[in-house]
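First the structure, in the form of structure tokens, and then the observations on it.
Nothing in this text is a laboratory measurement; each read-out follows from the coordinates by a stated rule. Everything numeric here is computed off the predicted structure, so don't read it as measured data. Positions of Cβ are backbone-derived with ideal geometry, glycine not excepted, and every protein chain shown enters the neighbour counts.
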């Protein structure tokens, strides 16, 4: 795939999948050929205006697509992704990668066996604010995360750890180059029979501590992560795509001074960046920004957190 448009389909066009379809239909090097959903009317509603065929049967896509993105409920990730991975068709599956580590390993093995590009939709990794901050975050000693959302009408099939906290787990794991040694966690079901608010404290082998709070029952939406490292403090507001950096500046014999403030961030829709990254990897056979192994690592830590609750 070097010159022609890539034929891509979106499977699952609910809350998030319809945004996959919207973005892919507007990329110059992509042809959105189909959308698939278990609800025929929803598939037609999303696909029709975009000029994409609507279907309820993913088998109709075999041989008709060069890549697929998958935004079905987590419990169906493995069943939907495996047939494509086994055929060597590039796949982007939304987070969390799978219901279980065993299922994730099956998907990874299928991708490895066929050579299929395999990406996981950890969208915050493509947030321009995160990209800007990665040039500044070097050796964090303490990380504080708050991801608070209002009660949703979606993603209630999984705990808040897999629904929301896993975004930040992926970011933390990508920036702390050390293994998680210990985990303390607490979670409370409030409005559903699954955990709706959770806090986890991770201690890494290098001594770094990460404290993460996630809630889907807040009155306010908060999506912030703060890094504290020797002589520097970095704050990211995911939603506003803003980054602030403050450093301790020591003068010759003078009293140390704290200097800094906002740094430049070129704003863009993270999901669009994610789609562009996936298409580029699928076209060239290169590695996506977040591959299956990284998706599995985030899932593994999330699973350990839930087991601690």
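A few comments on the model shown:
- Mean ellipticity per residue at 222 nm, deg cm²/dmol - from DSSP H runs of n ≥ 4 across the chain, formula -39500 (n - 2.57): -9000 deg cm²/dmol
- Neighbour-count ranking [beta-carbon atoms within 10 angstrom, fewest first] of 175, 82, 191, 212: 191, 82, 175, 212
- A Gaussian network model of the chain, with springs between Cα atoms under 10 Å, assigns the largest mean-square fluctuation among 229, 294, 241 to 229.
- Nearest 10 degrees, 0 to 90: helix 101-114 Cα axis against the chain principal axis: 60
- For the listed peptides 48-55, 29-36, a ranking on the average number of other beta carbons within 10 Å per residue, highest first, reads 29-36, 48-55.
- Take the Kirkwood radius over Cα pairs of the range 6-121, plug it into Stokes-Einstein at 20 °C and 1.002 mPa s, and you get 155 µm²/s for translational diffusion.
- Beta bridge orientation in the chain: antiparallel %, DSSP, nearest 5: 60
- Acute angle (nearest 10 degrees) that the helix 292-308 long axis makes with the longest principal axis of the chain, alpha-carbon atoms: 60
- When the Cα convex hull of the chain is projected onto planes of every orientation, the mean area is 17.6 nm².
- Length gained on full extension, residue 307 to residue 248: 17.3 nm, using 0.36 nm per residue less the C-alpha separation.
- Rounded tilt (10° steps) of 166-175 against the dominant C-alpha axis of the chain: 60
- With neighbour counts taken as other beta-carbon atoms within 10 Å, the residues 95, 224 rank, fewest first, as 224, 95.
- Percent of Cα pairs exceeding the 25 Å cut-off, where the set is the range 162-296: 45
- Comparing 118, 227, 278 in a Gaussian network model of the chain where C-alpha atoms under 10 Å apart are linked, the largest mean-square fluctuation is found at 227.
- Among 57, 277, a tally of other beta-carbon atoms within 10 Å of each Cβ gives an order, fewest to most, of 57, 277.
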